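Participant: My questions all concern the structure below.
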Amino acid sequence: MSLNVKLQVFEGPLDLLLHLIEKNKVDIYDIPIALITDQYLDYIRMMKKEDLNVASEFLVMAATLLSIKSKMLLPAEVNEEGEEEDPRAELVEKLIEYKMYKYMSFELKDMQIDANRTWFKGATLPKEIADYKEPIDYEKLIGDLDLSKLNHIFKSVMKRQVDKVDPVRSQFGKIEKDEVNLEEKTEYIENYIRFHKSFSFRELLQNQKSKMDVVVTFLIILEMIKVGKIVIAQEELFDDIRITSKVA
């Protein structure tokens, strides 16, 4: 077998190692590292004779195998748990992982080949049959239900709909923005005070058109008290408030 065939068969150093393990029929968890290393190096020498530009990954694996072989000749190292470490462990793990992916690729290739042999027939049903819908058997659908049970189901459904309604938020009306011109409202109140001189606060508020008008009016009155334009008086608790102008 020529070298070119070997390079095409073995896609990488792990592929070559896996071939040697299977060829020698040895346990992948107990690799005879000396035997496999010697055979691996024989393949590397054959590659060099035919092609000096041997892939670096094959040479790196050769160095790794020689390193493992030398460690196997030395006393075994002990880890922190007191167990002896196997220099082959990391290599075995890589080989098992590679073997798994390799056989998975075979499965995918077989699936692809089988898929190429599969043919599908498109739908050719007549329109009348495709649009056909089986009639509903209402007796079978209703079963043992009677009017009493249906009424009970209806009431339970309606109750669930009522329970979904928030009892507080459902009472809220539509929120609308009241447009109040502060300058115009201030001018109106100043003219009202200038004309009446002394009047009831309730009387002033009754002339307002909306809640926003009442709020703005109240704020303007407070501002006028603050700057000293008006004074207020109340004879008894909860009595009406009298407003008197201080402006001549």
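Bear in mind these aren't lab numbers, they're just calculated from the coordinates by the rules spelled out. Everything numeric in this text was worked out from a predicted model, so none of it was measured. Glycine also receives a Cβ, built like all others from the backbone with ideal geometry; neighbour counts cover every protein chain displayed.
Participant: Which length gain, in nm to one decimal place, applies between Ile96 and Ala115 when the Cα-Cα distance is subtracted from 0.36 nm times their residue separation? Mind dumping the intermediate values first?
Facilitator: Values: separation 19, 0.36 × 19 = 6.84 nm, distance 2.87 nm.
That pair, Ile96 and Ala115, stretches by 4.0 nm at full extension.
Participant: Can you compute 3J(HN,Hα) from phi for each residue in the range 73-83, using the Karplus curve 6.51 cos²θ - 1.76 cosθ + 1.60 with θ = phi - 60°, rounded to whole Hz and x for Gly and Pro?
Facilitator: Karplus values, whole Hz, x for Gly and Pro: 7, 8, x, 5, 7, 10, 7, 5, 8, x, 9.
Participant: Could you put Glu81, Glu22 in order, starting from the residue whose Cβ has the fewest other Cβ atoms within 10 Å?
Facilitator: Working: Glu81 5, Glu22 11.
Listing Glu81, Glu22 from fewest to most nearby Cβ atoms yields Glu81, Glu22.
Participant: With respect to the cross-link table entries Lys185/Lys226; Lys185/Lys211; Lys25/Lys102; Lys25/Lys109; Lys71/Lys94, which display a Cα-Cα separation exceeding 24 Å? Please list the in-between numbers first.
Facilitator: On the way: Lys185/Lys226 18 Å; Lys185/Lys211 14 Å; Lys25/Lys102 18 Å; Lys25/Lys109 26 Å; Lys71/Lys94 18 Å.
Exceeds cut-off: Lys25/Lys109.
Participant: Using modelled backbone amide H atoms (1.01 Å from N, in-plane), which distant-in-sequence or interchain residues come within less than 5 Å of Gln208's amide H?
Facilitator: It is none; the list stays empty.
Participant: Also: Taking the alpha-carbon distance from Lys149 and a cut-off under 27 Å, which lysines remain once sequence neighbours fewer than 8 residues away in the same chain are dropped?
Facilitator: Once the sequence-local lysines are set aside, what remains near Lys149 is Lys140, Lys159, Lys164.
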